[in-house]
1. So, in region 96-128, of the ones that are aliphatic (A, V, I, L, M) and within 10 Å of GLY34 (Cα to Cα), which residue ends up surrounded by the most Cβ atoms within 10 Å (Cβ to Cβ)?
2. Determine, yes or no, whether LYS208 is open to solvent by 80 Å² or more (accessible area, probe 1.4 Å), of a type in the set (Lys, Arg), in contact (Cβ under 8 Å) with a residue 24 or more places away in the chain and in contact with a helix residue (DSSP H, G or I) (Cβ under 7 Å, 6 or more places away or on another chain).
3. Condition check: closer than 21 Å to TYR85 by Cα, touching a residue at least 12 places away in the same chain (Cβ under 8 Å) and among the β-branched types (Val, Ile, Thr). Does ILE121 satisfy that?
4. Which of (1) within 23 Å of ASN174 (Cα to Cα); (2) among the hydrophobic types (A, V, I, L, M, F, W, C); (3) outside any helix (DSSP H, G or I); (4) in contact with a strand residue (DSSP E or B) (Cβ under 7 Å, 6 or more places away or on another chain) is the odd one out, the single condition PHE123 does not satisfy?
5. Sort out which residues of region 151-177 are in contact (Cβ under 8 Å) with a residue 40 or more places away in the chain and within 20 Å of MET21 (Cβ to Cβ), and write them in order of number.
6. Among the listed residues LYS188, LYS149, LYS137, LYS164, identify the single one that is assigned to a strand (DSSP E or B) and open to solvent by 70 Å² or more (accessible area, probe 1.4 Å).
7. Could you identify the single residue in SER142, SER179 that is within 24 Å of ALA27 (Cβ to Cβ), over 18 Å from the mean Cα position of the chain (by Cα), open to solvent by 10 Å² or more (accessible area, probe 1.4 Å) and not basic (Lys, Arg)?
8. Here are VAL109, VAL95: which of them is over 23 Å from ASP198 (Cα atoms) and at pLDDT 95 or above?
Amino acid sequence: MKKFLILMAMLFMLPVFADTMPFYTNAVPKSALGVFQTGEELKIYAQPEVNSKIVKEFKFSYNPETMPDGVFALLLNERKLGLLYVSDIGDDNWVEVIYDKRTGARGWVMTEDRFQFMPWINFYNMYGRKYGLRLFKDAPDSVDILRAKADDLAQSVAKINYVKTIKLTKLSGNWALVSVLDLDKTPKTGFMRWRGDDGRIYAFPNIK
């Protein structure tokens, strides 16, 4: 009994790391156009205009114990980095975001600067090129084939096995030019599908 109580006490003393990262293809809506970076406060409107109804209001502490669940596409509390999926683009710097991933609830927010909303190409160029990519756990086997060109029918130049790192060079439509290092430490370079033709994403920036 004493050992059990000590173990429980140790578990409660462990730090809470309530970060959020997507690991499976169904975590990213196929309709998502990119991501929106949150600040410490966020007002979400019913329509893309400041006089419309506020449907949700958040205050983010970036304290893992008080941050809401089911909101973020990606959340790193220590870095105060929170991203929401963007589902539509309006006029005058308005974008529609998904603020509840469980219900799919959406609303409009106004961007404060040109970096707050990042279409996928900007997001991958900023974070993917800096941190590399990681494959989702349920990505199709076809993603493991590197090709000479950004085409499903192009010549196969290498196969990915036991990936250590995937360095992103550039995006070309639904393809990414990458350099892959396997456990055998053999570098392999070619085009890899980061997204399917249906919009399903297979590889995501490995943000740390």
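1. It comes out as VAL97.
2. Yes; evaluated as a whole, the condition is true for this residue.
3. The answer is yes for ILE121.
4. All conditions pass for PHE123, except number (3).
5. ILE166, LEU168, ALA176
6. After ruling out the rest, the residue left standing is LYS164.
7. Of SER142, SER179, the one residue that is within 24 Å of ALA27 (Cβ to Cβ), over 18 Å from the mean Cα position of the chain (by Cα), open to solvent by 10 Å² or more (accessible area, probe 1.4 Å) and not basic (Lys, Arg) is SER142.
8. None of the others qualify; the one that does is VAL109.
The values are calculated or read from the model by the stated rules, or taken from the named source; none is laboratory data. In this text the structure is predicted, and so the values were computed from the model without any measurement. Because the Cβ atoms are built from the backbone with ideal geometry, glycine has one as well, and the counts that use them run over all protein chains shown. Just the protein is used for accessible areas: all its heavy atoms, side chains included, with ligands, DNA and RNA removed. Shrake-Rupley method; radii C 1.70, N 1.55, O 1.52, S 1.80 Å.
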